[in-house]
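The values are calculated or read from the model by the stated rules, or taken from the named source; none is laboratory data. Computed from a predicted model, the values in this text were never measured in an experiment. Positions of Cβ are backbone-derived with ideal geometry, glycine not excepted, and every protein chain shown enters the neighbour counts. Keep in mind that these areas ignore ligands, DNA and RNA; they rest on the heavy atoms of the full protein, side chains included. Shrake-Rupley method; radii C 1.70, N 1.55, O 1.52, S 1.80 Å.
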Amino acid sequence: NDLSGPIPTELGGLTSLKSALRVAENNLTGSIPTELGNLKNLEWLFVNGNDLSGPIPTQLGNLKNLKKLDVSFNKLTGNIPTQLRVLKNL
């Protein structure tokens with residue numbers, strides 16, 4: 001892929017998305033949208049290998065079915081939110 005710009009907040013409206021959202025290894029910028037926390041059925045989220053910045057949104061703690069999360073190789077700041085640390089499947 002060769003996606004650039006911010007991750008569209010509208011992706012948070014894909015609430016029936018179950019398995020994976022993969023936008024890794026692109027040229028995405030900006031922050032991880034808090035709206036991705038609406039994807040409550042999501043099992044895998046890959047946003048690694050971009051140019052994302054800012055904190056990891058606490059709203060990702062709403063993803064109770066999340067098994068894999070990769071945010072590596074970005075310019076994220078801050079700590080891993082407590083909300084993510086308590087996800088049982090992650």
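Ignoring ligands, DNA and RNA, what percent of the 1.4 Å accessible area of the chain is carbon and sulfur?
Numbers: 2680 of 5250 Å².
Carbon with sulfur: 51 percent of the solvent-accessible area.
Using the beta-carbon distance between Thr77 and Lys40 and R0 = 35 Å, what value does 1/(1 + (r/R0)^6) give for FRET efficiency, to the nearest 0.05? That gives a FRET efficiency of 0.85. In the stretch 2-82, a dipole from Cβ-located charges (positive for Lys and Arg, negative for Asp and Glu) runs towards its positive end, and of Leu60, Pro33, Asn50 it is Leu60 whose Cα lies farthest in that direction. Annotation for Asn1 and Thr15: the two label points, set 7 Å from Cα along the Cα-Cβ direction, are 2.3 nm apart. Straight-line cross-link partners of Lys40 among the aspartates and glutamates, defined as a Cα under 19 Å from its Cα and at least 8 positions apart when in the same chain: Glu10, Asp70. Sorted on the mean count of surrounding Cβ atoms within 10 Å across their residues, most packed first, peptides 25-33, 7-15 read 25-33, 7-15.
Residue ranges 74-81, 54-61 sort as 54-61, 74-81 when ordered by packing (mean number of other C-beta atoms within 10 Å per residue, highest first).
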